[in-house]
Amino acid sequence: MSKRQTQKMLRLMASGEPVELTSPMASVKKLARLAFVAQQFGYEYADVRQSNGRNGALTMLLLPDPGPQARARAMQNWAQYPDAADGVSLPPLVPDAFELLKARINFDLTGKHAEKRMGYGALGVTVGCAFLGFRFGGESSDFVVAGVVWLLLMAVFGIGLVVTRGRNAKFAARLRAAGFLPVTDENGRTRYLPPGTQLPGQGNPFAPGPFPQQAPGPYAQQAPGPYAQQAPGPYAQQQAPGPYAQQAPAPAPSQYPGQPAPG
């Protein structure tokens, strides 16, 4: 986790809007560190994706957390670390929370959805090898060569599938032990979320264009975080009208003669 990445993240978080972080050289460990820092200042990890390009860049989505505990934690940390925006003066890393974030990010990258993609890839390789046999000339020797290529690729897919399933089982067990619950989105993708929370928005939070309207839940219609101009609330400089602001007109004189009218 570089100082520049942390500075950029905190600067984007100051708007109180959803934040996307993309880095071509990003690793799960670096993203987990960034997500941990974001949690200390009023944001929550939402999702991660990997691009289909050559660099395989990882893009992480962070959303404001309006929960009272998150807001209290953010105010406390900003008061204790007022120079956090420099990307260096940050709260210390908590190993347990950091490991849980790593498990969530890893599972989101290589969960059941990734296994399905590997299955589709194996099907595509099968079709491609059959086409390759015809392309070579359609002779029996050509299909033998295509069959050998197919066997090699299937072996690679098989090893990858076994390794991926083992990793997913390990991450899922760690998350369940910490109280996280499996949730399936509308696309059939399994996610592990903290108890009492819902999926952050629709099935594809990285859909092109503006962020989709969030489903009702802790991430729905977020008010700006504690770093932006707050809506009237406990963290805004101007409080909402309270019992002493814009008082109602004085009540009518008491119905009992001789008694003073209420103040």
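The values are calculated or read from the model by the stated rules, or taken from the named source; none is laboratory data. Remember, it's a predicted structure, so these values are computed and weren't measured experimentally. So basically every Cβ, Gly included, is an ideal-geometry build from the backbone, and we count neighbours across all protein chains shown. For the accessible areas, the whole protein counts, side chains as well, though only heavy atoms, and no ligand, DNA or RNA atoms are used. Shrake-Rupley method; radii C 1.70, N 1.55, O 1.52, S 1.80 Å.
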(message) If I stretch the segment between residue 75 and residue 50 completely, what's the gain in nm (0.36 nm per residue apart, minus their alpha carbon distance), one decimal?
(response) 5.7 nm
(request) Mind jotting down the three principal axis lengths of segment 1-85 based on Cα atoms? Whole angstrom, largest first. (result) 42, 24, 21
(message) Just to be sure I understand the model, the point goes 7 Å from the Cα along the line to the Cβ. What's the resulting residue 132 to residue 7 distance in nm?
(response) 4.9 nm
(request) Mind ranking 59, 126 by accessible surface for me, highest first, 1.4 Å probe? (result) 126, 59
